[in-house]
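Report on the following structure.
Computed from the coordinates by the stated procedures, all read-outs in this text should not be read as laboratory data. All values reported here derive from a predicted model rather than from experimental measurement. Using ideal geometry, Cβ is built from the backbone for each residue, glycine included, and neighbour counts are taken over all protein chains shown.
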Amino acid sequence: MNLHSLKPAKGATHKAIRIGRGEASGKGGTSTKGNKGGQSRAGYKSKPGFEGGQMPIQRRVPKRGFKNINRVEYVALNIGKIDHYAEKYGITEFSLANLYINGLISQKDNVKLLGNGEIKGKYTFKVNAISKKAKIAIEAVGGTVEIIK
């Protein structure tokens, strides 16, 4: 066996299709690009949302409402789940850092305590916002709440 006698296995290589080399090649004429127009030309690039001259969907569909850029989004944390989280993760102080470490919130999330459910244990909370009902319920069992910005 010599280097000059090495060949690929039978059927491993394919003959290149020569496009646009006359009608006898079977791929002449339009060179497999359909008929005339921009898409058959070299360097064709469609704009995003272009639908061939038809009115694009972003112009056909009416716009509704608005998005308030000053909106502050909060992750809701109901006091009914607090005893469960305290037991499961061994938390007595519910701060943003502790909630993030235990995978309950993302790093940039704001947390708001809501008053849905009942709380039994005495816990410390350091959160971004709290509802009146939740604050009353926490302070009734001897817990403390600190609002952080």
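Hey, among the residues in the range 81-98 that are part of a helix (DSSP H, G or I) and touching a helix residue (DSSP H, G or I) at 6+ places or on another chain (Cβ under 9 Å), which one's surrounded by the most Cβ atoms within 10 Å (Cβ to Cβ)? Walk me through it before giving the result.
Looking only at the range 81-98, we keep the residues that are part of a helix (DSSP H, G or I), and these are 81-89, 96-98.
Add one more test, that the residue is touching a helix residue (DSSP H, G or I) at 6+ places or on another chain (Cβ under 9 Å), and what stays is 82, 85, 89, 98.
On the way: ILE82: 24, TYR85: 17, TYR89: 14, ASN98: 17.
Per the criteria, the residue is ILE82.
Pull up the range 102-149, narrow it to residues that are part of a loop (DSSP other than H, G, I, E, B) and either among the hydrophobic types (A, V, I, L, M, F, W, C) or crowded, with 17+ Cβ neighbours inside 10 Å (or both), then point me to the one that is farthest from the chain's Cα centre (by Cα).
Just the residues of the range 102-149 that are part of a loop (DSSP other than H, G, I, E, B), to begin with: 102-109, 115-123, 128, 131, 141-143, 148-149.
Filter once more, so that each one left must be either among the hydrophobic types (A, V, I, L, M, F, W, C) or crowded, with 17+ Cβ neighbours inside 10 Å (or both): 104-105, 115, 119, 123, 141, 143, 148.
Details: LEU104: 18, ILE105: 16, GLY115: 30, ILE119: 34, TYR123: 34, VAL141: 40, GLY143: 37, ILE148: 28 Å.
If we take residues in the range 102-149 being part of a loop (DSSP other than H, G, I, E, B) and either among the hydrophobic types (A, V, I, L, M, F, W, C) or crowded, with 17+ Cβ neighbours inside 10 Å (or both), then VAL141 is farthest from the chain's Cα centre (by Cα).
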Legend entry - First in the range 92-104 and under 18 Å from VAL141 (Cβ atoms), second anywhere and aromatic (Phe, Trp, Tyr) and surrounded by 13 or more Cβ atoms within 10 Å (Cβ to Cβ), Cβ under 8 Å, 6 or more apart: THR92/TYR123; GLU93/TYR123; GLU93/PHE125; PHE94/TYR85; PHE94/TYR123; PHE94/PHE125
Legend entry - Search result, residues across the range 1-33 that are among the hydroxyl-bearing types (Ser, Thr, Tyr), on the phi < 0 side of the Ramachandran plot and surrounded by 10 or more Cβ atoms within 10 Å (Cβ to Cβ): SER25, THR30
